[in-house]
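Read through the structure below, which is laid out as structure tokens, and then see the notes.
The values are calculated or read from the model by the stated rules, or taken from the named source; none is laboratory data. Just so it is clear, the structure is predicted and the values come from calculations on it, not from any experiment. A quick note on method: Cβ atoms are made from the backbone with ideal geometry, for glycine too, and the neighbour counts reach across all protein chains shown. Note: accessible area is taken over every heavy atom of the protein model, side chains too, but ligands, DNA and RNA are not part of it. Shrake-Rupley method; radii C 1.70, N 1.55, O 1.52, S 1.80 Å.
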Amino acid sequence: MTTAAEKRTVLVTGASRGIGRAVADLMAARGHRVIGIARKADDRSFPGELVACDVLDVAERRAVLADIVARHEIHALVNNVGLTANAMLEAIMPEHYEAVMGANVGATIAAAQSVLPGMRARRQGRIVNVASRAMLGRAGRSVYSAAKAGVVGLTRTWALELAGDGITVNCISPGPIATENFLKLNPRIGNEPT
């Protein structure tokens with residue numbers, strides 16, 4: 001358990017389901033304050049403050065993040081929000097690219113920028129970006145693969161840029177995890193006869 005002196009505030013994007021919810025639950029169980037961002041904030045079981053935000057709406061995203069950092073000293077950020085639009089190369093539409101890059105790369109940059117001044121002032125902070133093994137390529141996932149590879153590139157660059165400020169930046173790239181979204185996108189997995 002975390003002592004009062006060790007208690008930190010953790011901001012988690014994409015916090016209402018899957019990996020983001022698991023991170024929120026774990027951080028809360030360890031005694032940290034959790035602020036979550038999700039499309040909907042109607043989950044009363046969330047282990048902290050859940051804030052609704054459409055991360056694709058740049059003005060809304062900016063306002064929500066500004067409000068959160070004005071009210072809370074953020075010690076750690078978990079950039080988990082993600083979006084995919086599955087399509088083979090010939091079927092990729094500009095709106096696919098714009099939405100997937102906006103959620104996976106744009107929201108990651110915006111969240112990091114919002115917490116950076118406070119972390120720099122304290123000379124301490126943690127940023128964890130969630131990419132995906134899909135960055136290595138998978139049929140029908142061109143845009144998602146590119147976006148998640150972009151998240152890895154951001155992470156490597158920020159780790160170099162921010163180390164001198166006492167801010168650690170890391171990335172995880174999970175493979176298949178049986179989250180609600182994964183099972184929706186891969187309906188045959190987990191439904192095989194036993």
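Here are the numbers for the structure shown:
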quantity	calculated
Inter-residue pairs, beta-carbon under 6 Å, first touching a residue at least 24 places away in the same chain (Cβ under 8 Å) and in region 143-156, second aromatic (Phe, Trp, Tyr) and open to solvent by 30 Å² or more (accessible area, probe 1.4 Å), 6+ apart	143/97
Candidates 112, 107, 66, 91 - the one that is hydrophobic (A, V, I, L, M, F, W, C) and free of Cβ contacts under 8 Å to residues at least 40 places away in the same chain	91
Region 147-178, residues that are over 16 Å from the mean Cα position of the chain (by Cα), over 22 Å from residue 23 (Cα atoms) and not charged (D, E, K, R)	157, 160, 162, 163, 164, 166
In region 11-26, the residues that are open to solvent by 30 Å² or more (accessible area, probe 1.4 Å), without any contact (Cβ under 8 Å) to a residue 40 or more places away in the chain and not basic (Lys, Arg)	16, 22, 25, 26
Only listed residue being within 16 Å of residue 146 (Cα to Cα) and not in a helix (DSSP H, G or I), chosen from 81, 100, 105	81
Number of positions in region 66-109 that are within 12 Å of the chain's Cα centre (by Cα) and modelled with pLDDT under 95	2
Hits in region 27-47 - residues which are open to solvent by less than 40 Å² (accessible area, probe 1.4 Å), in a loop (DSSP other than H, G, I, E, B) and of a type in the set (Gly, Ala, Ser)	31
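Table: residues versus (1) open to solvent by 30 Å² or more (accessible area, probe 1.4 Å); (2) assigned to a helix (DSSP H, G or I); (3) touching a helix residue (DSSP H, G or I) at 6+ places or on another chain (Cβ under 8 Å).
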| residue | (1), (2), (3) |
| --- | --- |
| 119 | no, yes, yes |
| 126 | yes, no, no |
| 134 | no, yes, yes |
| 157 | yes, yes, no |
